[in-house]
Amino acid sequence: MISIIGAGKVGSAAAFDILRYRLGDVVLVDIAEDLAKGEALDMMQAAPAIEFDGKIKGTNDYSQIRGSEVVIVIAGLGRKPGMTRIELMNKNAGIIKTVVREVAKYAPDCKLMIVTNPVDIMTYIAYKTSGFPRNRVFGMGNILDTLRFRSYIAQELNVSREDVRALVIGEHGDTMVPLVQYASVSGIPITQLLSKQQIRKIVQQTVTSGSEVIKLKGATTYAPAAVIAIMTDAILRARNRVIGASTILQGEYGLEDISIGVPVILGKKGIEKIIQLKLNPQTQKQLQKSAQTIKQATNQLTT
Ligand code: NAI
């Protein structure tokens, strides 16, 4: 069973993608009870078309998530005009604490995936609030950045997106670190296929791609929903996928007591392994800067 807390734009789109993968029954929880019920009903009516025979329920009652193997938290606010990032962080921090307490009560053995932004900080709060071991609490961020990085590389080269492999680490935000040296097209390093200028443009596009969508349509939906489904599939089908996820570090990469995006193996137990890359000095510095940005914001938490 998979539970999704927050049946808004991303939560409902992710639920539908998860149903398409036929990963199990889905429970949608939202304080807006009618919204959760309505989304579930709509999806139930689509189920024959996507050949989903399981259950899909919408509710505001947390006891319904009992026994969930995966719980995905996408409850919270997006940034409203005039609202600072710090204000948003503090509002969402309060929501995450309330939600995670309920999750820990009713689904104490679950793998807990955090999506609410700012995701690295929310993952850290969820880790502290839940009391879960660190392998069972992680955030969705870098895998989405990577998807965007891959899309722009493929577009520039006019090749299949499927053949592009890449990785982004660091904050899911402005200081993210797209790893150019690890990006390839069917094993060919992109540095052999693209000029420095083209690569600079792609990196820039990757960093600003999320805000560009938000500027145009108010929120991002399909890309985050798609990667949430990929991560859920990796866990429930024990796929051991190698992806970037916001992960609690305890000394890895020289970082302590922080959740930040690094490559991991994601499988049945959640984070099966943190992969420690050898970074060149420049990239290591960028990661340090990214970590500093997260820590500075965390210090401004008031809740
Ligand atoms: P939305 O506003 O459409 O949905 C949020 C839902 O959360 C609403 O239905 C609301 O009723 C519910 N909610 C609020 N407080 C709650 C509580 N205490 N308990 C249960 N439900 C509660 O927002 P959207 O677009 O779905 O985004 C949700 C969050 O996900 C935002 O923080 C957004 O920034 C984040 N996000 C993160 C991404 C990532 O890459 N990590 C990508 C896209 C969105």
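The values are calculated or read from the model by the stated rules, or taken from the named source; none is laboratory data. None of the values given here were measured: they were computed from a predicted structure. Heads up, the Cβs are rebuilt from the backbone with ideal geometry, glycines too, and the neighbour counts pull from every protein chain shown. Keep in mind that these areas ignore ligands, DNA and RNA; they rest on the heavy atoms of the full protein, side chains included. Shrake-Rupley method; radii C 1.70, N 1.55, O 1.52, S 1.80 Å.
For the stretch 108-190, restrict the atom set to alpha-carbon positions and state the Rg and Dmax in Å.
Rg, Dmax (Cα atoms, Å): 15.5, 47.
Pop out the carbon and sulfur fraction of the accessible area of the chain as a percent, whole number, probe 1.4 Å.
50 percent
In debye to the nearest 20, how big a dipole does the stretch 169-291 give about its Cα centre with +1 on each Lys and Arg Cβ and -1 on each Asp and Glu Cβ?
For the stretch 169-291, the charge dipole is close to 360 debye.
Once the dipole of the chain is set up with Lys and Arg at +1 and Asp and Glu at -1 on Cβ about the Cα centre, which of 113, 180, 157 lies farthest towards its positive end?
After comparing all options, I get 180.
Which percent of the Cα-Cα distances in the stretch 25-70 go past 15 Å?
Result for the distance tail: 42 percent.
Give the peptides 203-212, 106-115 in descending order of average Cβ contacts within 10 Å, highest first.
Highest-to-lowest ranking by the protection proxy: 106-115, 203-212.
Positive end of the charge dipole of the stretch 1-158 (Lys, Arg +1 and Asp, Glu -1 on Cβ, about the Cα centre): tell me which of 64, 75, 11 has its Cα farthest that way.
Towards the positive end, the residue furthest out is 75.
Is there a pair in 55/273; 105/269; 55/111; 196/295 whose C-alpha atoms are over 23 Å apart, and which pairs would that be?
Pairs exceeding 23 Å: 55/273; 196/295.
Show which lysines lie in cross-link reach of residue 201 when reach means a straight Cα distance below 27 angstrom and same-chain residues fewer than eight apart are skipped.
Once the sequence-local lysines are set aside, what remains near residue 201 is 215, 217, 278, 285, 289.
Aspartates and glutamates near residue 97 by alpha-carbon distance under 13 Å, same-chain residues fewer than 8 away left out - which ones?
The qualifying aspartates and glutamates are none; the list is empty.
For every other residue with a beta carbon closer than 12 angstrom to the beta carbon of residue 39, add +1 if it is Lys or Arg and -1 if Asp or Glu, then tell me the sum.
Summing Lys/Arg as +1 and Asp/Glu as -1 gives -1.
For the stretch 203-287, I need the span (max minus min coordinate) of the C-alpha atoms along each principal axis, in Å, sorted largest to smallest.
Principal axes ranked by extent give 39, 37, 21 Å for the Cα atoms.
Any chance you could check the Cα centroid distance between the stretch 9-64 and the stretch 120-180 for me, in angstrom?
Here the answer is 25 Å between Cα centres.
Starting at the first residue of the stretch 138-144, write each ³J(HN,Hα) from the Karplus equation 6.51 cos²θ - 1.76 cosθ + 1.60 with θ = phi - 60°, in whole Hz, x for Gly and Pro.
8, x, 8, x, 4, 5, 6
What ³J(HN,Hα) values, in whole Hz, does the Karplus curve 6.51 cos²θ - 1.76 cosθ + 1.60 give for the stretch 187-195 when θ = phi - 60°, with x put for Gly and Pro?
x, 8, x, 5, 5, 8, 10, 10, 6
Kindly give the semi-axes, whole Å and largest first, of the ellipsoid equivalent to the stretch 1-130, taking each as the square root of 5 times a Cα gyration tensor eigenvalue.
For the stretch 1-130, the ellipsoid semi-axes come out as 25, 17, 12 Å.
May I ask which residue of 142, 90, 275 lies farthest towards the positive end of the charge dipole of the chain, with charges of +1 (Lys, Arg) and -1 (Asp, Glu) on Cβ and the Cα centre as origin?
275
About the Cα centre of the chain, how large is the charge dipole given +1 on each Lys and Arg Cβ and -1 on each Asp and Glu Cβ? Please answer in debye to the nearest 20.
So the magnitude is around 640 debye.
Dipole size in debye (nearest 20) for the stretch 38-161 around its Cα centre, Lys and Arg Cβ +1, Asp and Glu Cβ -1?
Result for the stretch 38-161 is approximately 500 debye, rounded to the nearest 20.
How would the stretch 78-118 be classified by its alpha-carbon gyration tensor: rounded, prolate or oblate, with rounded meaning a/c under 1.5 and the a/b versus b/c comparison settling the rest?
prolate
What is the Rg over Rh value, at two decimals, for the chain, using alpha-carbon atoms and the Kirkwood definition of Rh?
Using Cα coordinates only, the ratio equals 0.96.
Which whole-number value in Å² is the accessible area per residue of the chain, probe 1.4 Å?
47 Å²
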